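Before any comments, here is the structure.
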Amino acid sequence: MMNHDQSDEAEVESGQFELRGNLEEAVEHLTEVILLNPSAIMYATKVTVYLKIKKTTNAAINRDPAYLQEAKKGKLGA
């Protein structure tokens with residue numbers, strides 16, 4: 001049985017974690033929301049957070065001098 005109070009609480013917590021930049025915690029709470037009360041909006045929100053994680057990771061990788069050096073040498077797989 002769905003518990004909307006738990007779902008609402010997890011949704012609020014996921015937003016707070018996202019605002020603080022703790023995207024992995026936000027994903028965990030969004031997963032909880034989806035398990036308690038599945039909705040297309042929550043799935044879309046979770047995907048958006050995953051995309052932010054990827055963008056942040058890619059930005060960090062692209063600023064890493066060792067990564068850039070290997071990329072220039074063509075040693076990185078696509």
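Laboratory data are not the source of any read-out in this text; all were calculated from the coordinates shown. Predicted model, so just to flag it, every value in this text is computed and none were measured. Cβ placement follows ideal geometry from the backbone for every residue including glycine, while neighbour counts extend to all protein chains displayed.
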> Residue farthest toward the positive end of the dipole of the range 25-64, with Cβ of Lys/Arg at +1 and Asp/Glu at -1: which of Thr48, Asn62, His29?
Replying inline: Asn62
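Most exposed first by the Cβ proxy, i.e. fewest other Cβ within 10 Å, how do Asp5, Asp64 rank?
Asp5, Asp64
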> In deg cm²/dmol and to the nearest 500, what is the mean residue ellipticity at 222 nm of the chain if only DSSP H runs of at least 4 residues count, each as -39500 (n - 2.57), divided by the residue total?
Replying inline: -26500 deg cm²/dmol
>> Explain nothing, just the number: relative contact order of the range 4-73, from Cα pairs under 8 Å at least 6 residues apart, as a whole percent.
In response: 27 percent
>> Could you compute the longest span of the chain free of trypsin sites (Lys or Arg not before Pro) located in DSSP loops and having at most 14 other Cβ atoms within 10 Å, not counting the site residues?
In response: 21-74
>> Nothing charged except the Cβ atoms of Lys and Arg (+1) and of Asp and Glu (-1): what's the magnitude of the dipole of the chain about its Cα centre? Round to the nearest 20 debye.
In response: 920 debye
> Mean shadow of the chain, computed from the convex hull of its alpha carbons, in nm²?
Replying inline: 6.3 nm²
